[in-house]
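Scroll down for the structure; my scribbles are underneath it.
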Amino acid sequence: MSPLAKWHRSIPGLTERFELFVCKKEICNAYTELNDPVVQRERFEQQAKDKAAGDDEAMFVDDNFCTSLGDGLSPTAGWGWG
């Protein structure tokens, strides 16, 4: 569900994220960003398989993003808000 979010530190199977709604409007969609290039590539690869199987919301493998993470030029700040 959240391919860019880190896993929860103490609850297996969850990610660290939240959404803030005010008066039925989404104000914030935030999560702790995953910054491990190996795990990130694995998640993207799973998403690509899901996309090929018909999941319209699944991501493709973003090689440039994974390469940037691996080179230490992290495009993430460790916390995402959008």
How large is the accessible surface of D71 in square angstrom, using a 1.4 angstrom probe and rounding to the nearest 10? 110
Looking at the chain, I'd like the Rg to Rh ratio, where Rg is from alpha-carbon atoms and Rh is Kirkwood's inverse mean 1/r. 1.00
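Roughly speaking, to the nearest percent, how much of the chain's 1.4 Å accessible area is carbon and sulfur? Provide the component values of the computation, followed by the final result.
Values: 3280 of 5900 Å².
Carbon and sulfur atoms account for 56 percent of the accessible area of the chain.
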Considering only the other residues whose Cβ falls under 10 Å of the Cβ of H8, what net charge follows from Lys and Arg at +1 and Asp and Glu at -1? +2
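Using a 1.4 angstrom probe on the protein heavy atoms only, line up S10, S2 by accessible area, largest first. Could the numbers behind the result be given before it?
Numbers: S10 90, S2 20 Å².
Sorted by accessible area, descending: S10, S2.
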Once phi is turned into θ = phi - 60°, what whole-Hz ³J(HN,Hα) does the Karplus curve with 6.51, -1.76 and 1.60 give for every residue of the range 10-20, x standing for Gly and Pro? 10, 10, x, x, 10, 10, 8, 7, 8, 10, 10
Could you quote the convex hull projected area for the range 1-45, Cα atoms only and averaged over all directions, in nm²? 3.8
Quick check for you: with a 1.4 Å probe and neighbouring chains kept, what is the accessible area per residue of the chain, in Å²? 72
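The values are calculated or read from the model by the stated rules, or taken from the named source; none is laboratory data. Source: prediction; values computed, not measured. Using ideal geometry, Cβ is built from the backbone for each residue, glycine included, and neighbour counts are taken over all protein chains shown. To get the accessible areas, we keep the full protein, side chains included, count just its heavy atoms, and leave off ligands, DNA and RNA. Shrake-Rupley method; radii C 1.70, N 1.55, O 1.52, S 1.80 Å.
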